[in-house]
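Input: a single structure, listed below in structure tokens.
The values are calculated or read from the model by the stated rules, or taken from the named source; none is laboratory data. Remember, it's a predicted structure, so these values are computed and weren't measured experimentally. Glycine also receives a Cβ, built like all others from the backbone with ideal geometry; neighbour counts cover every protein chain displayed.
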Number of protein chains: 4
Amino acid sequence: MVFILDPNVEQEKIDAFIHGWEQKGFSTILSVGTEHTAVCLIGNTATVDLDHVVQTSGIVSYGKRITEQYKAVNRSVREDSSIIRVGGVSIGEGTFTVISGPCSVESSEQILEIAKTVKKSGAKILRGGAFKPRTSPYSFQGKGAEGLEMLRMAKKETGLPIVSEIMNQTQIDLFADVDIVQIGARNMQNFDLLKAVGGLKKPILLKRGLASSIEELLMSAEYIVAAGNDQVILCERGIRTFETMTRNTLDLSAVALLKQKSHLPVIADPSHASGIRSLVAPLAKAIMAVGADGLMVETHNNPAQALCDGAQSLDLEQFRSLMEELKERATIERKEI
Amino acid sequence: MVFILDPNVEQEKIDAFIHGWEQKGFSTILSVGTEHTAVCLIGNTATVDLDHVVQTSGIVSYGKRITEQYKAVNRSVREDSSIIRVGGVSIGEGTFTVISGPCSVESSEQILEIAKTVKKSGAKILRGGAFKPRTSPYSFQGKGAEGLEMLRMAKKETGLPIVSEIMNQTQIDLFADVDIVQIGARNMQNFDLLKAVGGLKKPILLKRGLASSIEELLMSAEYIVAAGNDQVILCERGIRTFETMTRNTLDLSAVALLKQKSHLPVIADPSHASGIRSLVAPLAKAIMAVGADGLMVETHNNPAQALCDGAQSLDLEQFRSLMEELKERATIERKEI
Amino acid sequence: MVFILDPNVEQEKIDAFIHGWEQKGFSTILSVGTEHTAVCLIGNTATVDLDHVVQTSGIVSYGKRITEQYKAVNRSVREDSSIIRVGGVSIGEGTFTVISGPCSVESSEQILEIAKTVKKSGAKILRGGAFKPRTSPYSFQGKGAEGLEMLRMAKKETGLPIVSEIMNQTQIDLFADVDIVQIGARNMQNFDLLKAVGGLKKPILLKRGLASSIEELLMSAEYIVAAGNDQVILCERGIRTFETMTRNTLDLSAVALLKQKSHLPVIADPSHASGIRSLVAPLAKAIMAVGADGLMVETHNNPAQALCDGAQSLDLEQFRSLMEELKERATIERKEI
Amino acid sequence: MVFILDPNVEQEKIDAFIHGWEQKGFSTILSVGTEHTAVCLIGNTATVDLDHVVQTSGIVSYGKRITEQYKAVNRSVREDSSIIRVGGVSIGEGTFTVISGPCSVESSEQILEIAKTVKKSGAKILRGGAFKPRTSPYSFQGKGAEGLEMLRMAKKETGLPIVSEIMNQTQIDLFADVDIVQIGARNMQNFDLLKAVGGLKKPILLKRGLASSIEELLMSAEYIVAAGNDQVILCERGIRTFETMTRNTLDLSAVALLKQKSHLPVIADPSHASGIRSLVAPLAKAIMAVGADGLMVETHNNPAQALCDGAQSLDLEQFRSLMEELKERATIERKEI
């Protein structure tokens, strides 16, 4: 159940309203949107008389029952979509934010060259893996803390906010200077990690698991929001199907559906989804056309020598060219890029 | 192995060249493109000295080994994409052809109203099911021959070429006036039917099976071409995955990949793929952006009363609005619509 | 809705009962089991007062509403399982019938040698493909009518009933001497073919499609029974999943569930499911243990030289050894083998 | 590359052999089986002359190149299968170990009643969830540390070793008295957790992820063994497919294949795989027949009131009856139960 509050209610009254529900044994999640504030009620709401609350509370504009299992991330809670802001960049309705960078941070020179070039081409956020989840224990596992330090340096040089993947909750302090913390596909249902990043005050980029349903992705986002952090960005990155010609199957219906079911920003990653460089540009254009709020795309200054996922990385010129194509289309899609 | 012939070789020399190979036990497929003519050699080509053939035949411009199992539909055979023409309409590179109409033809009035309206909005081809493949023997099975007759009438009234699904090879005569014969997803590997439509002199719309790989789709197209009919249009319509929120998962990577691997036109069907009306427009725009040559979209004059698949059909106003959005984007995609 | 009739009702009264319903616009399917006779009512049964029918008809023992979409194949219609008899062999509850033979019939010598040997080892029915559904038009397509003739000869020599796959309804006359007509996985939803074999008076072996749900398999069986032929044997043969180490994923839960949901016999095919010879024996034992009524297993006198699917075929000695293992287990499973 | 050592080589010589390789930049994994000891060499072994090593080392019986990515868990390393021993119970070749207990530990009384009864019926190990991975943050999350304490008490009372699922590496100390640490399906690729339990000196029960391939499961086991713990039990528990009638699709081909590809014990879980009580017994029998080394099955003293997964739990009488069926079959399968 969600209660949309009247505009400009004093904080004191909101606190009292929330306190009242918690006294009755409900949990609540306060959701402060740009246009209105909402209070989600979690628990057995079957006995709550919604109309009575609206009429008597003095601060509730209207209320709705939420039949879906996901509550706080539900579109019903915020008709205006959530906009997430990080280092001067907005992610959400009305913008198309491009995140770019290498699969793995390999050296200071590498990350700096890539950062400068993708920024010039129009990327707004720099990505780079420091801790890499690899199927084999014998594969390159990433540069670790040193990689994060290189990213931090690239951020300092270029001003680009940075995003990198966290592997477990003991690493949280290491990510103090990382602007957006990424939860990888394999960790989408690492519930303790979700609760831990729910305690942070920074955006979380939550990737869909390879075999996770759209509803499960929303439930994982709900874990983070229920733990206190409503800055969640959803990311579709391909699901596992019987098709073997592509690495995974990018599910663009999911992008469109997530935008309808939830108020959270939704982006997509054509690089991991396809695993094939020549598919990245056509898929990136489709991602924009289907209504996503942005894109995460792997780039490398020398894909042939990349320590990880070179076959799917664009080189810096290919990225520039893709950005030109996206900028051309952004106007028609009413998106700032 | 494919031999690209010199421009303007006399038919007599081509015949002799082909005859020579067949004498040696090979099968051949002659592929006449807009820019050049190619001869595909089928059989054990390991022993053929490609360079020697090029140097001595007198009519071969160059040759290539084709490592893929699909030969005649392979991109190597025609670098210029195939353009299929039907009733004044072109399908292929440079155009974005919209096929629209109801899941099932229900009555003369219904099909005529829909045909006229979608034509006005910009549809170039009319679709309508007469024989319907239904999971249950107790569901509406389509109007049958009578349905085809209604379609024919709508074609006569509007001038729109028509496409309808054939269920088995005994129906071929019934489809004499149908401009494009559709092979449905469940029949994609009905090989006898593929061979039968391979004997026709009209375009075949081949839908991808629910669990068919991209390569299997190309191999099914190869069946049709090998049987003598190179007018095949490939159609992605969603594959079966674990996700249940959508009916199927539209695989747009497949569209982009099919365009790279084959010279055949590729379209997609967002209606069957998603099964949800609100996803049709975003997916249609993504289908254009990813590089498809067209779209097949279900429309109905009264979706709430449709005998079949009402939940995924656009009403006529929604279709008109979608066409406006597509036309706006066609320019940027360098596509005539 | 199903009505279980009193024992020993005269045919005349049954006919009158059925006629009464058809007058009211319902379809009926008469199901004659070994222990009782049932009448399925198809149509809008919401308005039928079940109790009233039981009390007034004079011939109905009891009735039940069937909520599932599959009616005539529903377990509710026959609590005693269906037993299908062919050439002295029983398939169903209490027996474990082994069907064996090569993927493709290749020559008279081959099929005869295999037939004799597998019979000696305990196979009760001979399988052999004459018309082969192949992904590639350039692969061996089977011996066709000649292959059926070879099978017929092997049947004459050994007395084993034969099963072979039909590809389309124009072949029905060719299958006059084939004891069990197989519908392959790719044709499971070839509804016209299902209707056509529904007109035969012989058992149909219906294989589950690669991407077909358990419910869809039952609905396809329903097509055959609704068309007049209740001798349907269901066959699980693996479904398509993301796993690539095996050709398909054998779904043994489906076997157990089909036995609970339907009264039809259920067998399974470990050869096509796995595609790996070393998995055939362990899976065959699991198929028996999970409660299947039989097994279809590919054997070849010389797997290394097989024209089709050699990698998954047992040689004749491996088959003999498997049969020993199965016989040892049959007693404990209360199955005659 | 693996070197199988001669019998009874002194430890000193083994240490020297290993040291030699590490000096050259290779990693090594020492694998001490019941019948022979092996040394796995990890690194670029292309330049190693295998025959030369065998002839000159003085302690190597023979060597093999391992082409698979999984090395230490590879069947090549131990032709005799691994037997894992815990609290007097053996898991591996020649035994069929039944692990049973509730999805969640709910109270001391509950776990004690279940433990005593399943022990009497023949279960050898007690399972019980204390920390529960739940899709929704609002679902019961398990009794936590208190649940582990209840399990410990039940172990003390009954003598049954206990197994429970760990959620993250910060919990390792809490699991000091847990005999077997379970890695759940969602954590199968939580690589940091795998490395952490690789540091333990107790068996790890590793469940296959819902969308993880057989090879990925082996690679995750390799993480644990490479980190120093070779006591890994593999568990098949159903994969995610398009089928919705069962919760997941139990992949018994995987069980047979894992036994061929690896020397590790393999068990399966029919409860989570199917999600349906009536399928548990048939699948359990199939699991034994396919060659698994054991079974993990959920039981509850009152399934209708279970806080978690009641629909798939056997009651205690159903479990007793299943154990009778399994015991009857164990003799024929040459398995001690």
Could you look through region D:313-337, keep only residues that are of a type outside the set (A, V, I, L, M), under 21 Å from D:G128 (Cβ atoms) and over 21 Å from the mean Cα position of the chain (by Cα), and pick out the one that is nearest to the other protein chains (Cβ to nearest Cβ)?
-> D:Q318
Checklist (1) assigned by TED's automatic domain parsing to the domain that holds B:H19; (2) within 18 Å of B:G228 (Cα to Cα) applied to B:H52, failing item = (2)
Listed by first then second residue, the pairs whose first member lies in region A:261-281 and is under 13 Å from A:Q318 (Cα atoms) and in the same structural domain as A:I214 (by TED's automatic domain parsing), whose partner is surrounded by fewer than 24 Cβ atoms within 10 Å (Cβ to Cβ) and of a type in the set (V, I, T), with beta carbons under 8 Å and at least 6 positions apart or on separate chains, are A:L279/A:T246
Which residues, taken from region D:123-153, are among the charged types (D, E, K, R) and part of a helix (DSSP H, G or I)?
-> D:E146, D:E149, D:R152
Before we move on, is A:L283 touching a Ser or Thr at 6+ places or on another chain (Cβ under 8 Å), within 9 Å of chain B (Cβ to nearest Cβ) and crowded, with 24+ Cβ neighbours inside 10 Å?
-> yes
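Given the options D:S274, D:S321, D:S278, name the one that is within 19 Å of D:G209 (Cα to Cα) and not aromatic (F, W, Y).
After ruling out the rest, the residue left standing is D:S274.
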Any chance you could count how many residues in region B:129-141 are more than 8 Å from chain C (Cβ to nearest Cβ) and under 16 Å from B:I183 (Cβ atoms)?
-> 4
Of the residues in region D:136-164 that are crowded, with 21+ Cβ neighbours inside 10 Å and under 24 Å from A:E215 (Cβ atoms), the one that is farthest from the chain's Cα centre (by Cα) is D:P137
Quick check: anything in region A:157-165 more than 14 Å from chain D (Cβ to nearest Cβ), touching a Phe, Trp or Tyr at 6+ places or on another chain (Cβ under 9 Å) and not aromatic (F, W, Y)?
-> yes
If you go through region C:219-231 one residue at a time, how many are within 13 Å of chain B (Cβ to nearest Cβ) and either buried (at least 23 other Cβ atoms within 10 Å of the Cβ) or closer than 25 Å to A:I239 by Cα (or both)?
-> 8
Could you tell me whether A:S262 is under 30 Å from B:L218 (Cα atoms) and crowded, with 23+ Cβ neighbours inside 10 Å?
-> no
Pick from D:S108, D:S104: which is touching a strand residue (DSSP E or B) at 6+ places or on another chain (Cβ under 6 Å) and farther than 30 Å from D:R334 by Cβ?
-> D:S104
Sole exception among (1) facing chain C (nearest Cβ under 9 Å); (2) assigned to a helix (DSSP H, G or I); (3) touching a Leu at 6+ places or on another chain (Cβ under 9 Å) for B:S212, by number = (2)
Please specify each residue of region C:271-310 satisfying the condition of being within 16 Å of the chain's Cα centre (by Cα) and closer than 21 Å to D:V280 by Cα.
-> C:I287, C:M288, C:G291, C:A292, C:D293, C:G294
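Being among the aliphatic types (A, V, I, L, M), closer than 21 Å to C:E216 by Cα and in contact with a helix residue (DSSP H, G or I) (Cβ under 8 Å, 6 or more places away or on another chain) narrows it down to one of C:L279, C:L322, C:L252, so name that one. So that I can check it myself, show each step before the final result.
Details: C:L279 fails: closer than 21 Å to C:E216 by Cα; C:L322 fails: closer than 21 Å to C:E216 by Cα.
Every option except C:L252 fails the conditions.
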Would you be able to say whether some residue in region D:117-133 is in the same structural domain as D:E298 (by TED's automatic domain parsing), in contact with a His (Cβ under 9 Å, 6 or more places away or on another chain) and under 13 Å from D:H300 (Cα atoms)?
-> no
What residue, among those in region C:165-181 that are touching a strand residue (DSSP E or B) at 6+ places or on another chain (Cβ under 6 Å) and more than 15 Å from B:D192 (Cβ to Cβ), is surrounded by the fewest Cβ atoms within 10 Å (Cβ to Cβ)?
-> C:D179
Do we find a residue being under 30 Å from D:G144 (Cβ atoms) and β-branched (V, I, T) anywhere in region D:72-87?
-> yes
Of the conditions (1) of a type in the set (V, I, T); (2) in a strand (DSSP E or B); (3) surrounded by fewer than 23 Cβ atoms within 10 Å (Cβ to Cβ), D:T244 clears all except one; give me its number.
-> (2)
Touching a strand residue (DSSP E or B) at 6+ places or on another chain (Cβ under 7 Å), assigned to a strand (DSSP E or B) and not acidic (D, E), is that true of B:V118?
-> no
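Yes or no, residue by residue, for (1) within 25 Å of B:I287 (Cα to Cα); (2) in contact with a Pro (Cβ under 9 Å, 6 or more places away or on another chain); (3) not charged (D, E, K, R):
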residue	(1), (2), (3)
B:E106	no, no, no
B:E109	no, no, no
B:L148	no, no, yes
B:E165	yes, yes, no
B:Q169	no, no, yes
B:F175	no, no, yes
B:Q189	yes, yes, yes
Out of the residues in region A:268-280 that are surrounded by fewer than 24 Cβ atoms within 10 Å (Cβ to Cβ) and touching a strand residue (DSSP E or B) at 6+ places or on another chain (Cβ under 8 Å), which is farthest from A:G184 (Cα to Cα)?
-> A:R277
Of all residues in region A:313-331, how many are in a loop (DSSP other than H, G, I, E, B) and closer than 19 Å to A:G92 by Cβ?
-> 1
Count of region A:68-91 residues which are more than 14 Å from chain D (Cβ to nearest Cβ) and either surrounded by fewer than 16 Cβ atoms within 10 Å (Cβ to Cβ) or part of a loop (DSSP other than H, G, I, E, B) (or both) | 9
Considering each of D:S220, D:S164, D:S213 in turn, give the residue that is more than 23 Å from A:T170 (Cβ to Cβ) and among the polar types (S, T, N, Q).
-> D:S213
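Might you let me know whether region C:236-244 holds any residue that is at the interface with chain B (Cβ under 10 Å from one of its Cβ atoms) and out of contact with any strand residue (DSSP E or B) (no Cβ under 7 Å at 6 or more places or on another chain)?
Checked region C:236-244: at least one residue is at the interface with chain B (Cβ under 10 Å from one of its Cβ atoms) and out of contact with any strand residue (DSSP E or B) (no Cβ under 7 Å at 6 or more places or on another chain).
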So B:T299 clears everything in (1) of a type outside the set (K, R); (2) surrounded by 20 or more Cβ atoms within 10 Å (Cβ to Cβ); (3) within 14 Å of chain A (Cβ to nearest Cβ); (4) farther than 19 Å from B:G209 by Cβ except one condition, right? Which one?
-> (3)
When (1) in a strand (DSSP E or B); (2) more than 30 Å from C:K156 (Cβ to Cβ) are applied to C:I99, the one that fails is (2)
Single residue of region A:166-209 satisfying the filter (more than 15 Å from the chain's Cα centre (by Cα), in a helix (DSSP H, G or I) and of a type in the set (S, T, N, Q)) that is farthest from the other protein chains (Cβ to nearest Cβ) = A:Q171
